[in-house]
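The values are calculated or read from the model by the stated rules, or taken from the named source; none is laboratory data. As the structure is a computational prediction, the values presented were derived from the model and not from experiment. Virtual Cβ from ideal backbone geometry, glycine too; neighbours counted across all protein chains shown. Each accessible area value is taken on the protein alone, full model and side chains, heavy atoms only, with ligands, DNA and RNA left out. Shrake-Rupley method; radii C 1.70, N 1.55, O 1.52, S 1.80 Å.
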Amino acid sequence: MAIGFALCCFGFTAVNDLVFRLYARKSRSRGAYVMVIGVVWALLFTLLLDCKFTNLTVTLVWGSISGIFSAVANILLIEAMTYQESGICSTLYRLNMAIVAVGAFLLLGEPINGLKIIGIILALVAVCFFYRESRNGKSKVHDAAHIGIYLALGAALLRAAMGLSYKYAFIQHADRNGLITLNSFFWIVVGLAYMLCRERSLKFMEAKSIRYGIVSGLLVGGIIYFMALALQYGDASVVLPVAQMSFLGTCVLGVFFLRESMTVGKLIGISAGITSIIALILGSG
């Protein structure tokens, strides 16, 4: 049962990353998109989850911090897909686990071992191959494709910061459901702020932004819901590798639906990413 839930999470994440890329290909408001996702997410989880907000202060503080990290990370991921293929961006984003391993060692005192070090090195190898492809390979989908690499790495860094803030929040006994629900509200706030400060526009009523936002909001809700179920009924060491490999689904979908490339360099980068994630998860087991 747990594997089935993890596969559902895998599917929802792969499809959502593809939707991100579809949205990012044209000039549309990223802030409006993120804001609508946050609204749908908030409505879903306010209705479905029992949010008692126990340990209120800790939950509010770390729910706010992690929510900001989460929202900004996803805006950067969407912006990255303006310049770069969905498969490459999705893979780089999932390599946030390598950054989490380093951050957990430096900030939370978690042990680091040989497998984690191998995972971190392989993550760097994947980044190098993707950067090379963005400069010279057939996957160069934009004149400034390398900018997509930088933005995806920035997104991975912020996603790692979100993961570390979650870890610390749960150490401090923050309410899990309250934390997740608060995150959705910060997607609304950050999306609106991005429209006003970066895009300098309030065109959030555009039909495309609303439609895409509703679809992604439902997908994000599915990702969180099925991940929670997978962790409830199965061991993290079993379900997390399945869910984290969602970038494989995104790569396949990108090739079939968006005619994205599949070069030798890209395959090596993806393979390094897969091995990195497996090593990091085994090292944490």
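In table form, for the structure just shown:
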read-out	value
Which numbered condition Met262 misses (of (1) in a helix (DSSP H, G or I); (2) open to solvent by 40 Å² or more (accessible area, probe 1.4 Å))	(1)
Count - residues of region 19-34 that are open to solvent by less than 20 Å² (accessible area, probe 1.4 Å) and part of a helix (DSSP H, G or I)	9
Criterion violated by Ser201 - all others in (1) at pLDDT 90 or above; (2) of a type in the set (Ser, Thr, Tyr); (3) under 18 Å from Ser29 (Cα atoms); (4) surrounded by fewer than 22 Cβ atoms within 10 Å (Cβ to Cβ) satisfied	(1)
Checklist (1) more than 16 Å from the chain's Cα centre (by Cα); (2) farther than 23 Å from Tyr194 by Cβ applied to Gly63, failing item	(2)
Failed item, numbered, when Arg211 is tested on (1) closer than 26 Å to Leu44 by Cα; (2) open to solvent by 10 Å² or more (accessible area, probe 1.4 Å); (3) touching a residue at least 24 places away in the same chain (Cβ under 8 Å)	(3)
